[in-house]
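Here the structure is laid out as structure tokens; the discussion comes afterwards.
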Amino acid sequence: MNAANKPIVCLALRPPADVLARIERECEARLVADPSDRAALLAALDAAEGLLCSALLPIDAEALAAAPRLRVIANFGVGFDNVDLAEATARGVAVCNTPDVLSDAVADLTMALILALSRRLVDNALFVREGRWGGAGPGVPLGVDLRDKAIGVVGLGRIGRAVAKRARAFGMRVLYHDVFRQPPEGAAFCSYRDLDTLLRESDFVTLHVNLTLGTRHLIGARELSLMKPSAYLVNTARGPIVDQAALCDALQRGAIAGAALDVLEREPPAGDDPILSAPNVLILPHVGSATRETRAAMMDLAVRNLLAVVRGEPPLACVNPEALDRRSWEGEGDHA
């Protein structure tokens, strides 16, 4: 295959050298040094048949219109709300993501956040750093046990089920809310609740749904008012699932005991964002999948999705398989 005949792919993130070499064996790779430079991104998409990008990079109708030859968007991440899915599907562009490979990492982080909240780890660390250990003031901040507490899992998909299994190992009672009422195989220990009931009964509420029009601000002022004053909210899914202004208000008023957030409505937040000064909130910089092993597995799957479609083969993980039927793409990967 001559280099001139290789399909062009746009890389809106920089893969490791060995992965880049793997891509370049089959494609002409064009790296966008700064994906936030909109003009540079659109220019790079002009002749691209494939796009490898972060699941946080917005790919809207304008970007898709700038890419008339595009056949696949390979997201590095399980999310796909960064893409105008309807427009991509109408244009026959496969939108791919990296499910499964990050479920354990996100579930581990979720349980770590629950433990941090329940045992007040941040407060106790500050207690030592501020020289209060052994002082004459109040004693160490006391936490709560997890055993026999109710955890409400909103979204019992891959990650939600992984969290449920971990919570059960800690002796927690697992409630869940999803579109199905019968728990899936392997999750018979989980009990279904409608959302309002789950919020009322849970000591910890953890969110594991995709961001869609239906789940945006799923947790707002009304929902937060249903939670126990002693309950905690954990979000490792997508920031806009929670009405952040309403959460700040609830935290300020002590309407709930606290929150742990790996995701925010705006990432990174502005320096004066009220969430940064809200009490009893632990915030991480969107690190749910941030382990060496998981990130490597995500990159491998994203690249496999990318290369499969430009070869004319079905991708391993596609969120809009109907797009594949809108374009006569079988065999189009042959650029020899």
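The values are calculated or read from the model by the stated rules, or taken from the named source; none is laboratory data. Computed from a predicted structure; not experimentally measured. Glycine also receives a Cβ, built like all others from the backbone with ideal geometry; neighbour counts cover every protein chain displayed. The protein model used for the area step is the full one, side chains on, heavy atoms only, and it has no ligands, DNA or RNA in it. Shrake-Rupley method; radii C 1.70, N 1.55, O 1.52, S 1.80 Å.
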For Rg/Rh (Cα atoms, Kirkwood Rh), the choices are (i) 0.96; (ii) 1.03; (iii) 1.15; which was calculated from the structure? (ii)
Pull up all non-local amide H partners of Val83: gap of 5 or more, or a different chain, and H-to-H distance under 5 Å with H placed in the peptide plane. Ile59
From phi via Karplus (6.51, -1.76, 1.60), per-residue ³J(HN,Hα) for segment 216-229 in Hz, x at Gly/Pro: 4, 6, 4, 10, x, 4, 5, 5, 5, 5, 7, 6, 5, x
Env charge @ Lys228, Cβ radius under 9 Å, K,R +1 / D,E -1, value -1
Is any residue of segment 92-131 close enough, with backbone N under 20 Å, to a label point placed 7 angstrom from the Cα of Lys165 along the Cα-Cβ axis, and if so, which? 98-115
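Hey, what's the chain come to in accessible area per residue, 1.4 Å probe, Å²?
Working: 15770 Å² over 336 residues.
Heavy-atom accessible area per residue stands at 47 Å².
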Taking the chain and dividing mean pair separation by its residue count, relative contact order in percent (alpha carbons under 8 Å, at least six apart): 18
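Would you please put 223-235, 299-311 in order of how densely packed they are, using the mean number of other Cβ atoms within 10 angstrom per residue and starting with the highest?
On the way: 223-235: 20.4, 299-311: 22.9.
Ranked from most to least packed, the peptides come out as 299-311, 223-235.
How much length is gained on full extension from Glu62 to Glu293, taking 0.36 nm per residue of separation minus their Cα-Cα distance?
Working: separation 231, 0.36 × 231 = 83.16 nm, distance 3.47 nm.
Net length gain for the segment: 79.7 nm.
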With the contact rule set at Cα under 8 Å and sequence spacing of 6 or more, what percent relative contact order holds for segment 111-206? 28
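Express the carbon and sulfur contribution to the solvent-accessible surface of segment 178-314 as a percent, rounded to the nearest whole number, probe 1.4 angstrom.
Details: 3230 of 6310 Å².
For segment 178-314, the apolar C and S fraction of the accessible surface comes to 51 percent.
Let me spell out the model: positive unit charges on the Cβ of Lys and Arg, negative unit charges on the Cβ of Asp and Glu, origin at the Cα centre of segment 103-220. What dipole size does that give, in debye rounded to 20?
Numbers: 16 positive and 12 negative charges, 23 e Å.
Value, rounded to 20: 120 debye.
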What net charge do the residues around Leu126 carry, taking every other residue with its C-beta under 14 Å from that of Leu126, with Lys and Arg at +1 and Asp and Glu at -1? +2
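Taking the highest mean first, how do the peptides 88-94, 164-170 order by number of other beta carbon atoms within 10 angstrom per residue? Each step should come with its number before you reach the end.
Numbers: 88-94: 21.9, 164-170: 18.0.
The densest-packed peptide leads the list: 88-94, 164-170.
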Most packed first (mean Cβ within 10 Å per residue), the peptides 250-258, 199-207, 125-133 order as 199-207, 250-258, 125-133
Built amide H within the under 5 Å cut-off of Ala150, gap 5+: Arg173, Asp203, Phe204
Difference of contour (0.36 nm per residue) and Cα-Cα distance, Ala17 to Asp300: 100.6 nm
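Can you tell me the FRET efficiency between Asp194 and Glu313 if r is taken as the Cβ-Cβ distance and R0 is 30 Å, rounded to the nearest 0.05?
Values: r = 42 Å, r/R0 = 1.41.
The pair Asp194/Glu313 has a calculated efficiency of 0.10.
Taking the Cα centre as origin and putting +1 on Lys and Arg beta-carbons and -1 on Asp and Glu beta-carbons, what dipole magnitude results for the chain, to the nearest 20 debye?
Details: 36 positive and 42 negative charges, 203 e Å.
So the dipole magnitude of the chain works out to roughly 980 debye.
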Aspartates and glutamates with Cα under 20 Å of Lys165, excluding same-chain neighbours fewer than 8 positions away: Asp100, Asp104, Asp108, Asp145, Asp148, Asp178, Glu185, Glu201, Asp203
How many nm is it between the label spots at Leu142 and Arg25, if each spot is 7 Å from the Cα in line with the beta carbon? 6.2
List the DSSP H helices in the chain whose Cα atoms stretch 15 Å or more along the helix axis and whose mean Kyte-Doolittle hydropathy is at least -1.0. 103-118, 158-169, 292-311
